[in-house]
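**Student:** The structure is given below, and queries will be raised subsequently.
The values are calculated or read from the model by the stated rules, or taken from the named source; none is laboratory data. None of these values were measured; they are calculated from a predicted model. Neighbour counts run over all protein chains shown; Cβ positions are idealised from the backbone, glycine included. Quick note on the areas: whole protein, heavy atoms, side chains included, nothing else; ligands and nucleic acids left out. Shrake-Rupley method; radii C 1.70, N 1.55, O 1.52, S 1.80 Å.
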Amino acid sequence: QVQVVESGGGLVQPGGSLRLSCTASGMAFSSYFMAWYRQAPGKQRELVARITSGGTTNYAESVKGRFAISRDNAKNTVYLQMNSLKPEDTAAYYCNADFKRVGYWGQGTQVTVSS
């Protein structure tokens, strides 16, 4: 049984940093593409960052230069380091694990950027 669990969300002031973690189990983690998505109230879910099984990364334009995705296959964990956070980064952040277009989602973790 595949499980994907996010952690690390919270309340942070503008300009601050947070690191999200996503740990997966019940799967061959190193073979999966891993991604972070986010969904703000009243908006569609959008891709934030993705990392392939080989370590290639891509980012939404809105987070380039501020966010960094990485993975530790030994720990079955993917991270999202978020720096220079802005109020518009406020959203529920979801981890996605994808292998040959079969995907699994976590329950989400809330990130709120506010003074």
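**Student:** For segment 77-93, what are the residues that are over 13 Å from the mean Cα position of the chain (by Cα) and either part of a helix (DSSP H, G or I) or not hydroxyl-bearing (S, T, Y) (or both)?
**Tutor:** N83, L85, K86, P87, E88
**Student:** Consider only pairs whose beta carbons are under 9 Å apart and that are at least six residues apart or on different chains; among these, list those whose first residue lies in segment 42-56 and is closer than 20 Å to S21 by Cβ and whose second residue is exposed (fewer than 10 other Cβ atoms within 10 Å of the Cβ).
**Tutor:** R50/T56
**Student:** Give A68, A74 a once-over and let me know the one that is in a strand (DSSP E or B) and either within 11 Å of the chain's Cα centre (by Cα) or surrounded by fewer than 19 Cβ atoms within 10 Å (Cβ to Cβ) (or both).
**Tutor:** Answer to the check: A68.
**Student:** Something else now. Can you name the residue in segment 87-99 that is in contact with a helix residue (DSSP H, G or I) (Cβ under 9 Å, 6 or more places away or on another chain) and open to solvent by 60 Å² or more (accessible area, probe 1.4 Å) and is also modelled with the highest pLDDT among such residues?
**Tutor:** By that ranking, first place goes to E88.
**Student:** Look through M27, M82 and report the one residue that is open to solvent by less than 60 Å² (accessible area, probe 1.4 Å), touching a residue at least 60 places away in the same chain (Cβ under 8 Å) and in contact with a helix residue (DSSP H, G or I) (Cβ under 9 Å, 6 or more places away or on another chain).
**Tutor:** M82
**Student:** I'm trying to understand the selection: among the residues of segment 1-24, which are open to solvent by 40 Å² or more (accessible area, probe 1.4 Å), outside any loop (DSSP other than H, G, I, E, B) and either closer than 17 Å to S70 by Cα or among the aliphatic types (A, V, I, L, M) (or both)?
**Tutor:** Scanning segment 1-24 gives V5, S7, L11, R19, T23.
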